[in-house]
Structure formats: C-alpha cells, structure tokens
Amino acid sequence: MITGHSVESTDFNYWVFLYTGGLSYQLEHHLFPTVNHTHLWRIRPIVQALCKKYNIQYNISPNLGVAMI
C-alpha cells in the first residue's frame, strides 16, 4: 500500500483501464492478484474504506499522466 499507486476512475480513464488491462487499479491488483481485472473496480471502495479506517495512505492520481510523473 505504501509504494503502490492507482489512477482515479473516470470515463476517459475507463479506456486506459481497458487498454492497460486494469493498470489503473494497481493497488487492488497487488492485494488480490488472482482476481480478474474486470472486477477490481468493485474492490476499490472496500480497500479505500479499510485504508481510511486504519489510517493507511491510499495513493491515487487523477489520471495516468500524473501517476507516471
């Protein structure tokens, strides 16, 4: 969780999600590597809620360009 980074979900980022095979859900993928990437969007709210509950930083960028910088 500390070194991982995800990308915010928006309509444009949906195409990034499809093109990269779910790269925009990197944190969820590394926590649940056997879950198909098409289901990771359902896991994100649960992971975010747990991070907030236990005061763990959830790294997320507004788009892929910002995440790469």
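Worth pointing out:
- Residues being β-branched (Val, Ile, Thr) and more than 22 Å from ASN55 (Cα to Cα) - total across segment 1-41: 6
- Scanning segment 36-60 for residues that are open to solvent by less than 100 Å² (accessible area, probe 1.4 Å) and either under 14 Å from MET1 (Cα atoms) or among the aliphatic types (A, V, I, L, M) (or both) yields LEU40, ILE43, ARG44, VAL47, GLN48, ALA49, LEU50, CYS51, ILE56, TYR58, ASN59, ILE60.
- Residues of segment 1-35 that are open to solvent by less than 80 Å² (accessible area, probe 1.4 Å), assigned to a loop (DSSP other than H, G, I, E, B) and farther than 13 Å from ILE60 by Cβ: GLY21, GLY22, VAL35.
- Whenever a residue of segment 21-41 is in contact (Cβ under 8 Å) with a residue 40 or more places away in the chain, its partners that are assigned to a loop (DSSP other than H, G, I, E, B), lying with C-beta atoms within less than 9 angstrom and at least six residues away or across chains, give the pairs SER24/GLU8; SER24/SER9.
The values are calculated or read from the model by the stated rules, or taken from the named source; none is laboratory data. Everything numeric in this text was worked out from a predicted model, so none of it was measured. Neighbour counts run over all protein chains shown; Cβ positions are idealised from the backbone, glycine included. Surface areas here come from the heavy atoms of the whole protein model, side chains and all, with no ligands, DNA or RNA. Shrake-Rupley method; radii C 1.70, N 1.55, O 1.52, S 1.80 Å.
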